[in-house]
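Input: a single structure, listed below in structure tokens.
The values are calculated or read from the model by the stated rules, or taken from the named source; none is laboratory data. For clarity, every value in this text was computed on a predicted model and none was experimentally measured. Note that each Cβ is placed from the backbone with ideal geometry, even for glycine, and that neighbours are counted across all protein chains shown. Quick note on the areas: whole protein, heavy atoms, side chains included, nothing else; ligands and nucleic acids left out. Shrake-Rupley method; radii C 1.70, N 1.55, O 1.52, S 1.80 Å.
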Amino acid sequence: MNAPTGWGEAARVLAAGFAQRAAAHDRDGSFPHENFAELHAAGLLALAAPRALSGQGASIAQLAEVVGAIGYGCPATALVLTMQYVQQRGMGRLGSPWPEALARRLVREAVESVSLVNALRVEHEPGGLPATVAWQTPEGWRLSGRKIHATGAPILRWYAVWARTDEAVPRVGTFLVRADSPGVRVEPTWDYLGLRGSGSHNVVLHDVPTPPDHALGLQPTGAWPQADGAFQTEMTLLLGALYTGVARAARDWLL
């Protein structure tokens, strides 16, 4: 589905089928893998990536239409898809810390297969520095830590892990990690009514390796960049579209 005018309609067609399975996934806490196979077949998993990275370059309004349509049928699926879109939009933003070759690789994988990425940022520990630690080795980096609320954990191929280095003066940034790397474990802890199917479980990393060029945007503590206004705006718009889709579904069910 490459025509921009067809993306929203494709999402609405898929959402009708997703809706028939949504209650069972929420009741069982099972992940809707079949939904993402259908999203990939419809060409909707690389929709947000810029054309310069071989994505489809959809506008934020077009993405909101797709997310809202999917949210109408299955909120859990829409939430995972939103995180994919937010990450892809960030890859192409001016000043992005993503190396072009790495971003292009992830976009290509999303075009060719069911491949998703999400940020792993949230932790139990309070404070300004992440508790997750990365240290350098001759082969690259290794990470250890625990992340909570990792939306899409059962299906993600890539984790963008927020962590600090173990250096005397720590640096903080994002480390891109393959979800199937040795030392990664998903703890099935997520049990929130209405979004059980999002698989937002804990992810534990123990001595997990990643290549040297998979460290993104490392900055000394105290030199962190200002908040990304574009990211915050896009997240707000897409989540708003998701909630609107859910509200529409509730309205239609009551009527």
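A few notes on this one:
- Accessible surface of the chain, 1.4 Å probe, proportion on carbon and sulfur as whole %: 58 percent
- Paramagnetic label reach from VAL13 (point 7 Å along Cα→Cβ; backbone nitrogen cut-off under 14 Å): within segment 19-60, residues 38-44.
- Shown here are the Rg and Dmax of the Cα trace of segment 188-237, at 16.5, 40 Å.
- Extension gain, ARG105 to GLU139, is 10.2 nm, computed as 0.36 nm per intervening residue step minus the present C-alpha separation.
- Kirkwood hydrodynamic radius of segment 1-109, Cα pairs, Å: 14.2 Å
- Stretched out straight at 0.36 nm per residue, the stretch from ARG51 to ALA131 would grow longer than its current Cα-Cα span by 25.2 nm.
- With bins 10 Å wide beginning at 0, the percent of Cα pairs of segment 71-111 falling in each bin runs 27, 45, 22, 6.
- Kirkwood hydrodynamic radius of segment 29-91, Cα pairs, Å: 11.8 Å
- Per-bin percent of Cα-Cα distances, the chain [10 Å]: 7, 31, 36, 20, 5, 1, 0
- For segment 62-151, the spread of Cα positions along each principal axis, largest first, Å: 44, 33, 26
- For segment 120-232, the Kirkwood hydrodynamic radius comes to 14.6 Å, computed from all pairs of different C-alpha atoms.
- In this label model, TYR192 and ILE60 are separated by 2.3 nm, measuring between points 7 Å along each Cα→Cβ vector.
- Diagonalising the gyration tensor over the Cα atoms of segment 98-157 and scaling each eigenvalue by 5 before taking the square root yields semi-axes of 25, 18, 10 Å, largest first.
- Label zone of ASP213 (point 7 Å out along Cα→Cβ, amide N under 19 Å): in segment 80-101 this covers 91-93, 95-101.
- With all protein chains kept in place, the per residue accessible area of segment 61-179 amounts to 38 square angstrom at a probe of 1.4 angstrom.
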